[in-house]
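Following: one structure in structure tokens, then a few remarks.
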Amino acid sequence: MADLFLVKKPWVTEKSVRLSAERKYAFIVKRRATKPEIKKAIKDAYKVDAVTVNVVNRPPKRKRFGAVRGMQEGYRKAIVTLKEGQKIDLQ
């Protein structure tokens, strides 16, 4: 059974909102999540059928804020394309 908590939250940006017109939705997922697991978790959580899942890994980055050095957290983003005629209401 797919872990519903693999999908942390929807990724809502200007670009991801434009992609929703093409039935593509972006989500932040756990680093260990695989494409089939993400597909099943989206189906269970939103009751829609995913056709494809594309994954982007963004590594952590070193950042500097004045004299303070720190790390910006990395993440894994999944872009899910839905079946024709389906959509997700993220509002």
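Please treat every number below as a calculation from the coordinates, not as lab data. Quantities reported herein were computed from a predicted structural model and do not represent experimental measurements. A quick note on method: Cβ atoms are made from the backbone with ideal geometry, for glycine too, and the neighbour counts reach across all protein chains shown.
Given contacts defined as C-alpha pairs under 8 Å and at least six residues apart, what's the relative contact order of region 4-82, whole-number percent?
Working: 140 pairs, mean separation 26.9, N = 79.
This gives 34 percent for region 4-82.
Using only helices, what value at 222 nm comes out for the chain when you add -39,500 (n - 2.57) per DSSP H run of length 4 or more and divide by the total residues, to the nearest 500 deg cm²/dmol?
The helix-only estimate for the chain comes to -5500 deg cm²/dmol at 222 nm.
Give, to the nearest whole percent, the P(r) tail of the chain beyond 23 angstrom, counting all Cα pairs.
Here the tail beyond 23 Å accounts for 28 percent of pairs.
What trypsin sites (Lys or Arg not before Pro) does region 34-91 have in DSSP loop regions with at most 15 other beta carbons within 10 Å?
Sparse-neighbourhood loop trypsin sites (Lys or Arg not before Pro): LYS47, LYS83, LYS87.
Using a/c under 1.5 as the rounded threshold, could you call region 14-64 rounded, prolate or oblate? The axes a ≥ b ≥ c are square roots of the C-alpha gyration tensor eigenvalues, and prolate needs a/b larger than b/c, oblate otherwise.
Here region 14-64 falls in the oblate category.
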